[in-house]
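Below is one structure, written out as structure tokens; comments come after it.
The values are calculated or read from the model by the stated rules, or taken from the named source; none is laboratory data. Predicted model, so just to flag it, every value in this text is computed and none were measured. Positions of Cβ are backbone-derived with ideal geometry, glycine not excepted, and every protein chain shown enters the neighbour counts. Each accessible area value is taken on the protein alone, full model and side chains, heavy atoms only, with ligands, DNA and RNA left out. Shrake-Rupley method; radii C 1.70, N 1.55, O 1.52, S 1.80 Å.
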Amino acid sequence: MRKALLVVDVQNDFYETGSLPVKGASRINEVINRAMRDPVYTILAGQDWHPYNHMSFAANHGKEPFTPFDNKKGIGPVLWPFHCMRGTHGAEFHPDIESNRFDYIVRKGTHPGVDSYSIFRENDGTELGTAGLLKALGIEELDICGLALDYCLKYTVHDALSAGFKIKVIINGTKGVEANEGDVQRTLDEFKSAGVELIEK
């Protein structure tokens with residue numbers, strides 16, 4: 001059985017000095033690099049690639065970051081600070097990540113009016129072509145790591161399950177935002193209930 005490693009949003013803005021930092025993010029880099037050195041994997045990376053006028057950015061509504069917002073059309077449930085704007089340093093992959101090992105990169109959140117947490121589809125349900133690519137490559141099993149556990153990685157896992165893939169999450173290769181107390185544990189509980197295996201590398 002062919003396997004793929006999905007590496008979610010390991011971009012500068014999600015690390016400790018970025019505009020939308022995840023606490024302890026740099027601790028996962030060596031875990032991810034070690035996993036990528038395993039020749040069993042085809043490696044696919046997700047990359048937030050927002051235009052400056054993206055409507056998920058709080059400033060574009062004249063509001064503060066993390067203000068609750070849901071337009072039911074692909075933006076929400078909160079508004080974010082500026083992050084991962086295409087062509088900027090913040091959108092680049094972290095320099096400690098061996099990104100030369102990526103076989104494919106899926107750029108997401110490119111449409112100003114629709115956000116995209118998952119590597120598989122936009123928040124309005126528009127497919128990004130990821131499932132079709134993986135299936136065309138004969139891949140049935142996915143190991144998933146990256147940032148952030150309780151947002152983009154979570155949505156990626158759920159969409160991968162919906163597409164029929166067998167999923168494992170590399171638990172020491174991800175960190176969560178924990179915007180609300182208990183978010184990380186609730187996410188892990190969701191994974192277990194859905195039959196997702198939690199592993200370490």
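Values as computed for the structure displayed
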| read-out | value |
| --- | --- |
| For Asp159: the one exception among (1) open to solvent by 60 Å² or more (accessible area, probe 1.4 Å); (2) of a type in the set (Asp, Glu); (3) assigned to a helix (DSSP H, G or I) | (1) |
| Complete set of residues in the range 163-193 that are assigned to a loop (DSSP other than H, G, I, E, B) and touching a Leu at 6+ places or on another chain (Cβ under 6 Å) | Phe165, Gly176 |
| Ile105 being over 14 Å from the mean Cα position of the chain (by Cα), touching a residue at least 24 places away in the same chain (Cβ under 8 Å) and either in a loop (DSSP other than H, G, I, E, B) or within 30 Å of Lys166 (Cα to Cα) (or both) | no |
| Test result for Tyr151, within 16 Å of Ala45 (Cβ to Cβ), open to solvent by 10 Å² or more (accessible area, probe 1.4 Å) and not hydrophobic (A, V, I, L, M, F, W, C) | no |
| Within the range 11-55, considering residues that are touching a strand residue (DSSP E or B) at 6+ places or on another chain (Cβ under 8 Å) and closer than 14 Å to Asn172 by Cβ, the one most open to solvent (accessible area, probe 1.4 Å) | Arg27 |
| Tabulated pairs, the range 184-196, first at positive phi and exposed (fewer than 11 other Cβ atoms within 10 Å of the Cβ), second among the charged types (D, E, K, R) and not in a helix (DSSP H, G or I), C-beta under 9 angstrom, 6+ apart or interchain | Gly195/Lys166 |
| Phe69 vs. criteria open to solvent by less than 10 Å² (accessible area, probe 1.4 Å) and free of Cβ contacts under 8 Å to residues at least 60 places away in the same chain | no |
